[in-house]
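Visitor: One structure follows; several queries about it will come next.
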Amino acid sequence: MTPRRRRPRALFPAGILLTATLATGVMLGGAAPASAHSSPSAVPNPFQDYSAQDYADALWNLETEVFVRTHEREEHGDCDTVTYEVSHPLGSEPTRTFAHVADPENWWCFGEQGDELRAELEEQDEASEHFFHGRPYENVTQRVPYYGTWADVNGNGVTSRVEIHARDLGNSTFTVSGTYWDHYSGQRVNIGSTETHGEHMIPVGHTWPEMQHRSRKARVAYYNDPMNLTSTIGWINREKAGQTPSEWMPSNEEAWCAYAMTWTHISAKHEISQYASDIDHLRGVLWDCLEEQLEGHDDATLPEGRSGDLDWASLPPSSYPLAATEQVAPREAEGEDHYTQALRRLEREVPVRSVERESRGDCDVQTFTTQHPSNGRTATYARVISEDNGYCAGSEAEELRAELDERAEESEEFFHGSPLAGRSRDYFGYWTDMDGDGVNTRNEVLARDLHEVEWNSTETGVVSGAFHDPYTGEFIRFSPERAALDHIIPVPHAWIEMEHREPGEREAFYNDAGNLLAVSDAARQEKAADAPRNWMPEHEGFRCRYAVAWAETAAAHEISLYASDIAVLRETLYRCLTEEG
């Protein structure tokens, strides 16, 4: 999206208003009239029955179009500098900065110090096209001058507020009387006897950091968009106020799908950034809504049908998100179907891991918690470790281990473990002939990944060959000193859960050819046991396939991943899909 510059501009202290008249029936900002709504039933309604395709479109736009916002506040005596960083979800556009000076209560900060800080921000604004100096949002001062009041944006002689109330009341004409269904609370309300507001689901104040730098036409279009408006009880509107989805959701859970759809749709349509916590929340809701729509649907493609009221910035590939394909060698896992399937498995099948570490004298207790994204099932894995992550000895350690044993006996979801500490062969075994053809996994993977392969006299071991290192792109002549097999998901990462699995499961993971690659020994040592948040292949041409391998292996073996690793894999796979398209 392209930022809209507004120069020259004046910054007005509180109490000084810009004059603007918003008369009913007058088009604003030079916008051409849209098709006039002939009746309330023709007014687009955000609370409608959406299809599986609609939810797929929403997820796609959430991950590829909705910018991510961060917020910082720095104190300078009586005034604060408030800064918002807004970044493209796939990093394909420059990061933009929106900053303003405010007092501790978020109003205009008067005085010499405030003027000096504003002058500094103005200098930065003039120096960079990606820096925007604004002012704090003060509802009474900015709402009407910047966004206007309820307008007749369709040229039918009716304001947007009347349109959406008549729509929600189910009236045949643009009159405001009768009862409506309050989607937030799940109850029928008489508009004549109950204070009722026209509610902006994405609040005006949330849009302000960016919208104050847009054209008036853009602000009026957002303010009067019926797909962001609903009728609700006054006290609910005040309770929600400026809260975002991670902070507030309707008490009526039946409204969650449409509410999440609205936040995503309006964010993409009107180019409004969202906090990462809200994007995470919306993602979870939208995936649940999509899965609900797909119950009983066995086809590899989505049922046809899109709402005509949704204006998306872009549409996903036709296979998204239902592509089904067999797991292949990591070097071959490229293309739309593989990326799509990996994404869905990553979102719906891979448990999310978190970790805490508590110091207990000479030992630490390290606790991992995992949660399945679809069924919500949780598990806890705890172990006693030394300061350097090894085995902690001594009487204090024994007491701690006894405590953990007790907890494990009391709960089926609690597991007492131990550090791997170099004992991988004791627990995972070594290279095995999994298919009984006389060749173990190591040599099968070498034969798969190498060119010009030569075998030993018994044809059970690879002795020479050549390959391009997928991690570096470098051409390598095979030798035991220069090449090695790498577990893409490292054994130590899998150990947290694998310790408590059957030996056969550990052996299957260790010998899973889909998680193994022939690489240079130098690249393997550089990667070590790092996960995607800390390490991705230097060779960018392999990153898509690398992300597929992480997602597929984690799902296949039910290995949890940290949220930060999932975020890297998700962004990588969406970038791969956009580049593929």
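The values are calculated or read from the model by the stated rules, or taken from the named source; none is laboratory data. Values in this document were obtained by computation on a predicted structure and should not be read as measured data. Using ideal geometry, Cβ is built from the backbone for each residue, glycine included, and neighbour counts are taken over all protein chains shown. All accessible areas refer to the heavy atoms of the entire protein, side chains included, with ligands and DNA or RNA removed. Shrake-Rupley method; radii C 1.70, N 1.55, O 1.52, S 1.80 Å.
Visitor: In the stretch 394-441, which residues are in a helix (DSSP H, G or I) and either in contact (Cβ under 8 Å) with a residue 24 or more places away in the chain or of a type in the set (Lys, Arg) (or both)?
Guide: Glu396, Ala397, Leu400, Arg401, Leu404, Arg407, Ser424, Arg425, Tyr427, Phe428, Thr441
Visitor: Which one is nearest to the chain's Cα centre (by Cα) among residues in the stretch 138-163 that are among the aliphatic types (A, V, I, L, M) and farther than 22 Å from Trp208 by Cβ?
Guide: Checking each candidate, the answer is Val162.
Visitor: Say we look at the stretch 492-504 and pick out the residues that are closer than 13 Å to Leu561 by Cα and out of contact with any Lys or Arg (no Cβ under 8 Å at 6 or more places or on another chain); which of these is most open to solvent (accessible area, probe 1.4 Å)?
Guide: Per the criteria, the residue is Pro492.
Visitor: If you go through the stretch 138-147 one residue at a time, do you hit one that is open to solvent by less than 50 Å² (accessible area, probe 1.4 Å), modelled with pLDDT of 95 or more and not polar (S, T, N, Q)?
Guide: Within the stretch 138-147, not a single residue is open to solvent by less than 50 Å² (accessible area, probe 1.4 Å), modelled with pLDDT of 95 or more and not polar (S, T, N, Q).
Yes/no matrix, rows are residues, columns are (1) closer than 30 Å to Asn389 by Cβ; (2) aliphatic (A, V, I, L, M); (3) buried (at least 16 other Cβ atoms within 10 Å of the Cβ):
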position: Pro419; (1), (2), (3): yes, no, yes
position: Asp435; (1), (2), (3): no, no, no
position: Val439; (1), (2), (3): no, yes, yes
position: Arg442; (1), (2), (3): yes, no, yes
position: Arg448; (1), (2), (3): no, no, yes
position: Val453; (1), (2), (3): no, yes, yes
position: Asn456; (1), (2), (3): no, no, no
position: Arg477; (1), (2), (3): no, no, no
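Visitor: Exactly one of these conditions fails for Arg238: (1) over 20 Å from Ser374 (Cβ atoms); (2) in contact (Cβ under 8 Å) with a residue 12 or more places away in the chain; (3) over 15 Å from the mean Cα position of the chain (by Cα); (4) loosely packed, with under 15 Cβ neighbours inside 10 Å. Give me its number.
Guide: Here Arg238 meets the rest and fails (2).
Visitor: List every residue pair whose Cβ atoms sit under 7 Å apart, with the two residues 6 or more apart in sequence or on different chains, where the first one lies in the stretch 220-231 and is farther than 16 Å from Asp311 by Cβ and modelled with pLDDT of 95 or more and the second, anywhere, is surrounded by fewer than 24 Cβ atoms within 10 Å (Cβ to Cβ) and among the polar types (S, T, N, Q).
Guide: Ser231/Thr196
Visitor: Another one. All but one of (1) modelled with pLDDT of 95 or more; (2) open to solvent by 50 Å² or more (accessible area, probe 1.4 Å); (3) under 25 Å from Lys217 (Cα atoms); (4) not small (Gly, Ala, Ser) hold for Pro33; which doesn't?
Guide: For Pro33, the failing item is (1).
Visitor: Whether any residue in the stretch 361-368 is modelled with pLDDT under 95 and open to solvent by less than 80 Å² (accessible area, probe 1.4 Å) is what I want to check.
Guide: Yes, the stretch 361-368 has at least one match.
Visitor: For the stretch 74-108, which residues satisfy the criterion of being charged (D, E, K, R), open to solvent by 20 Å² or more (accessible area, probe 1.4 Å) and closer than 17 Å to Gln274 by Cα?
Guide: Of everything in the stretch 74-108, those that are charged (D, E, K, R), open to solvent by 20 Å² or more (accessible area, probe 1.4 Å) and closer than 17 Å to Gln274 by Cα turn out to be Glu85, Glu93.
Visitor: Only one of (1) in contact with a strand residue (DSSP E or B) (Cβ under 6 Å, 6 or more places away or on another chain); (2) surrounded by fewer than 18 Cβ atoms within 10 Å (Cβ to Cβ); (3) assigned to a helix (DSSP H, G or I) is not met by Asp115, so which one is it?
Guide: Failed condition: (1).
Visitor: Of all residues being surrounded by fewer than 19 Cβ atoms within 10 Å (Cβ to Cβ) and touching a residue at least 60 places away in the same chain (Cβ under 8 Å) in the stretch 118-137, which is farthest from the chain's Cα centre (by Cα)? Just the residue, please.
Guide: Within the stretch 118-137, the match that is farthest from the chain's Cα centre (by Cα) is Glu129.
Visitor: Continuing with the same structure: Take Tyr471 and decide whether it is assigned to a helix (DSSP H, G or I), of a type in the set (Phe, Trp, Tyr), farther than 28 Å from Gly390 by Cβ and open to solvent by less than 20 Å² (accessible area, probe 1.4 Å).
Guide: For Tyr471, the condition - assigned to a helix (DSSP H, G or I), of a type in the set (Phe, Trp, Tyr), farther than 28 Å from Gly390 by Cβ and open to solvent by less than 20 Å² (accessible area, probe 1.4 Å) - is not met.
A quick yes/no check of all residues on (1) open to solvent by 70 Å² or more (accessible area, probe 1.4 Å); (2) touching a residue at least 24 places away in the same chain (Cβ under 8 Å); (3) of a type in the set (D, E, K, R):
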{"residue": "Trp312", "(1), (2), (3)": "no, yes, no"}
{"residue": "Leu315", "(1), (2), (3)": "yes, yes, no"}
{"residue": "Thr325", "(1), (2), (3)": "no, no, no"}
{"residue": "Val328", "(1), (2), (3)": "no, yes, no"}
{"residue": "Arg331", "(1), (2), (3)": "no, yes, yes"}
{"residue": "Glu336", "(1), (2), (3)": "no, yes, yes"}
{"residue": "Leu343", "(1), (2), (3)": "no, yes, no"}
{"residue": "Val352", "(1), (2), (3)": "no, yes, no"}
{"residue": "Glu356", "(1), (2), (3)": "yes, no, yes"}
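Visitor: Another question about this same structure. Kindly evaluate Gly178 against the criterion of being open to solvent by less than 40 Å² (accessible area, probe 1.4 Å) and touching a helix residue (DSSP H, G or I) at 6+ places or on another chain (Cβ under 6 Å).
Guide: When the stated conditions are applied, Gly178 passes them.
Visitor: Next up: Mind listing just one residue for me: the one in the stretch 369-412 that is closer than 20 Å to His493 by Cα and of a type in the set (Ser, Thr, Tyr) and, of those, surrounded by the most Cβ atoms within 10 Å (Cβ to Cβ)?
Guide: In this case the residue turns out to be Tyr381.
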